[in-house]
Amino acid sequence: MIKLKILFNGPVRQLNGWKNVANIELPDGATGYDLCDYFDIIPGKTRLYGFLIRDGKKIKEEEELHDGETIKVNGKTSGG
Amino acid sequence: MTVGRYHRQEIFYPIGPEGQKKLQQSRVCIIGIGALGTSIANNLARAGVGYLRLVDRDIVELTNLQRQVLFTEKDAEEMIPKAEAAKAHLQEINSEIEYDAMVVDVNPYNIEKLISDVDLVVDGLDNLETRYLINEACLKNNVRWVYGGAVGSGGMCMNILPGEGPCLHCLLGPLPEDGTYETCDTIGVISPITNIVASYESAEAMKILVGSESISHQLIAMDAWDCYTDFVDVDVDPDCPVCGKHQYTLLEHRQKNYTASLCGHDAYQVTPEDDGSFDYDAVVAALEGEGEVKRNRYFTIFKNDEADFKLFPDGRAIINSVPDGDKAQQIFAKYIDR
């Protein structure tokens with residue numbers, strides 16, 4: 001299993017019960033898609049969800065995640 | 001010794017007198033004159049950008065005043081179009097620059113003309129669909145644009161520089177379907193975040209216009225309530241249909257009468273193909289006797305038992321109280337496009 005710290009900032013916190021932080025465990029070899037599954041996020045469909053960020057870089061959901069990483073869940077901002 | 005109105009900006013080293021001249025010689029199109037757009041227009045007008053094209057289809061309403069900084073209660077009472085109201089107030093702020101207020105819907109027919117003679121496009125919009133259209137038009141025509149968006153207390157901003165970095169499609173993927181993303185009408189928005197995003201967009205616009213080496217090549221993501229700002233690297237997507245494969249699907253999707261739902265309103269907008277044949281006066285005259293007709297400088301309101309719409313001189317109409325776009329098209333065909 002790998003341990004991950006997930007950060008939800010701003011309105012996207014709704015996807016984590018309005019909490020900013022979640023510490024989760026996923027199986028070895030888990031990808032961004034597995035992270036999304038954990039929070040019932042369907043990329044392209046779930047309201048608010050935009051993309052994942054690791055170490056200050058946007059990553060694709062198919063990328064593998066690693067033990068000890070911090071992943072940010074970012075929204076897509078459509079208004080103005 | 002007297003100093004000029006731009007003195008504080010000219011003694012700011014990264015701009016200087018040379019940068020100020022460049023700003024004054026620059027032409028910028030701001031698309032969307034709402035919360036973001038009014039703040040951006042305010043910043044760029046005060047900065048002395050020589051020409052501002054202000055593009056918006058809407059009319060000032062009371063609910064706008066919480067965050068749309070250029071408008072007043074009088075504008076809302078008199079139902080002034082946002083682009084016209086913004087121009088009037090900006091002229092009182094800086095009368096030395098040129099403004100062009102365009103009360104039009106931005107669509108595949110007119111977007112390339114709107115951006116054809118400007119140095120930069122700045123995003124003041126409230127919806128993703130039009131942003132994706134701007135992305136295609138700017139990429140196709142090699143025009144730089146600044147994306148910015150806000151919802152709730154969060155926002156994002158990114159420069160989109162054709163040939164130099166990722167585009168909006170690289171960042172957000174395919175255009176999400178209607179109803180799969182939150183808007184200011186569904187979860188609200190607070191004025192501090194729109195001002196912050198607009199300020200970043202304005203600063204990036206100024207940097208691009210003066211040719212600064214400090215132009216941001218990252219996504220700037222922030223939240224005013226949670227107090228954070230992130231600077232995120234975004235790669236060019238080699239499979240991107242827009243900047244990679246030069247496919248302009250939205251730009252080429254032209255319908256005879258283009259229909260769009262208006263977020264937060266029980267209304268649809270129908271925009272006819274601009275073939276130069278629309279005769280506003282004749283259409284309004286024909287409406288007389290079929291219902292109640294009220295006309296002002298900017299639009300005509302028509303109401304009877306069947307139809308309730310606002311008709312604009314450019315031929316587009318906002319059809320109120322209809323369940324779907326098909327019904328809006330029927331009313332448009334019966335009363336306007338006869």
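The values are calculated or read from the model by the stated rules, or taken from the named source; none is laboratory data. Since we're looking at a predicted model, the values are computed, not measured. Methodologically, a virtual Cβ is constructed for each residue, glycine included, from the backbone with ideal geometry; neighbour enumeration extends over all protein chains shown.
For B:THR259, the test of being in contact with a helix residue (DSSP H, G or I) (Cβ under 7 Å, 6 or more places away or on another chain) and free of Cβ contacts under 8 Å to residues at least 24 places away in the same chain is failed. Considering region A:3-39, the residues that are more than 14 Å from every other protein chain (Cβ to nearest Cβ), touching a residue at least 24 places away in the same chain (Cβ under 8 Å) and assigned to a loop (DSSP other than H, G, I, E, B) include one that is surrounded by the fewest Cβ atoms within 10 Å (Cβ to Cβ), namely A:PRO27. Go through the residues of region B:73-84 one by one and say whether even a single one is assigned to a loop (DSSP other than H, G, I, E, B), more than 14 Å from chain A (Cβ to nearest Cβ) and in contact with a strand residue (DSSP E or B) (Cβ under 6 Å, 6 or more places away or on another chain). Yes, there is a match, as at least one residue in region B:73-84 is assigned to a loop (DSSP other than H, G, I, E, B), more than 14 Å from chain A (Cβ to nearest Cβ) and in contact with a strand residue (DSSP E or B) (Cβ under 6 Å, 6 or more places away or on another chain).
State the number of residues belonging to region B:186-225 that are surrounded by fewer than 16 Cβ atoms within 10 Å (Cβ to Cβ) and among the acidic types (Asp, Glu). Residues meeting the conditions: 1.
Just one residue in the set A:LYS76, A:LYS60 is surrounded by fewer than 17 Cβ atoms within 10 Å (Cβ to Cβ), within 13 Å of chain B (Cβ to nearest Cβ) and either at pLDDT below 90 or under 21 Å from B:GLN218 (Cβ atoms) (or both); that residue is A:LYS60. Pairing each residue of region B:233-252 that is farther than 27 Å from B:TYR109 by Cα with any residue that is acidic (Asp, Glu) and surrounded by fewer than 14 Cβ atoms within 10 Å (Cβ to Cβ), provided the two are 6+ apart or on different chains, yields no C-beta distance under 6 Å.
Identification of helices (runs of 4 or more DSSP H) wholly contained in region B:241-338 with 3 or more residues that are surrounded by fewer than 18 Cβ atoms within 10 Å (Cβ to Cβ) and of a type in the set (A, V, I, L, M, F, W, C) yields B:280-287.
Scanning region A:40-55 for residues that are touching a strand residue (DSSP E or B) at 6+ places or on another chain (Cβ under 6 Å) and facing chain B (nearest Cβ under 9 Å) yields A:LEU48, A:GLY50, A:PHE51, A:ILE53. Comparison of B:LYS256, B:LYS207 shows that the only residue that is at pLDDT 95 or above, out of contact with any strand residue (DSSP E or B) (no Cβ under 6 Å at 6 or more places or on another chain) and of a type in the set (Lys, Arg) is B:LYS207. Filter region B:227-253 down to residues that are of a type in the set (Phe, Trp, Tyr) and at pLDDT 95 or above and give me whichever is farthest from B:ALA307 (Cα to Cα). So, considering only residues that are of a type in the set (Phe, Trp, Tyr) and at pLDDT 95 or above, the one farthest from B:ALA307 (Cα to Cα) is B:PHE231.
Pairing residues of region B:142-165 that are more than 11 Å from chain A (Cβ to nearest Cβ) and on the phi < 0 side of the Ramachandran plot with residues that are in a strand (DSSP E or B) and hydroxyl-bearing (Ser, Thr, Tyr), at Cβ distances under 6 Å and at least 6 apart in sequence or on separate chains, gives B:ILE160/B:TYR147. Any idea which residue in region B:140-161 is nearest to the chain's Cα centre (by Cα), counting only those that are buried (at least 23 other Cβ atoms within 10 Å of the Cβ) and of a type in the set (A, V, I, L, M)? The residue in question is B:VAL146. The residues on offer are B:GLU129, B:GLU136, B:GLU177, B:GLU164, and the sole one that is acidic (Asp, Glu) and surrounded by 22 or more Cβ atoms within 10 Å (Cβ to Cβ) is B:GLU136.
The residues listed here are B:ILE215, B:ILE220; of these, the one that is within 12 Å of another protein chain (Cβ to nearest Cβ) and closer than 26 Å to B:ILE15 by Cα is B:ILE220. Do you know which residues across region B:190-205 are in contact (Cβ under 8 Å) with a residue 60 or more places away in the chain, farther than 25 Å from B:VAL143 by Cα and in contact with a helix residue (DSSP H, G or I) (Cβ under 9 Å, 6 or more places away or on another chain)? Within region B:190-205, B:SER191 is the sole residue that qualifies.
The residues listed here are B:ARG27, B:ARG8; of these, the one that is away from chain A (no Cβ under 14 Å), surrounded by fewer than 23 Cβ atoms within 10 Å (Cβ to Cβ), more than 18 Å from the chain's Cα centre (by Cα) and of a type outside the set (A, V, I, L, M, F, W, C) is B:ARG8.
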